[in-house]
Amino acid sequence: MTFLAGLGRLERDFTAKLESEDATRWVLDLAPRGDAALGKLRLAVRKSDASVEEARVTDPLGTTTRILFSGEQRNVTLDPALFRFTPPDGVDVVRPPAY
């Protein structure tokens, strides 16, 4: 899932294989390099703009999570207020230790 969050690097973290393709998309199977305990990732990628249309993440126990993407927009300006969170009164706030 870190890859979908933008934290991974495709060429460093995965071995890619073209599983199939049709007129509008490629389907890629991505196996993690080194650590088989990570599971695998299958991406359907639109040929028109190389955007991810679908992701299937399968964990080592065989559980598959399917994520479909539609209507995504690139380089949109977002209001910073969307990223403010104030915990409700009475909620315990746990902070990580400072190292």
Legend entry - Loop trypsin sites (Lys or Arg not before Pro), the range 23-99 (other Cβ atoms within 10 Å of the site Cβ: 15 or fewer; DSSP): R33, K47, R74, R84
Inset, instruction - Express the relative contact order of the range 8-99 as a whole percentage, based on alpha carbon pairs under 8 Å and six or more residues apart in sequence. - result: 15
Inset, instruction - Please give the length that would be gained between R9 and L68 if that part of the chain were fully extended, namely 0.36 nm times their separation in residues minus their C-alpha to C-alpha distance (nm, one decimal). - result: 19.2 nm
Legend entry - Vicinal HN-Hα couplings computed from phi for the range 13-27 (Karplus, 6.51 cos²θ - 1.76 cosθ + 1.60; Hz; Gly/Pro x): 9, 9, 9, 9, 9, 6, 7, 6, 7, 9, 5, 10, 8, 9, 10
Legend entry - Distance cut-off 14 Å, percentage of C-alpha pairs in the range 10-72 lying past it: 59
Legend entry - For E54, distant residues with modelled amide H under 5 Å away: A44, F69
Inset, instruction - Any chance you could run the full-extension gain for A31 through R84? It's 0.36 nm times the residue separation minus the Cα-Cα distance, nm to one decimal. - result: 15.5 nm
Legend entry - Built amide H within the under 5 Å cut-off of F14, gap 5+: R33
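Each reported figure results from applying straightforward, stated rules to the coordinates on display, with no laboratory input. Please read these numbers as outputs of a predicted model, since none were measured by experiment. Using ideal geometry, Cβ is built from the backbone for each residue, glycine included, and neighbour counts are taken over all protein chains shown.
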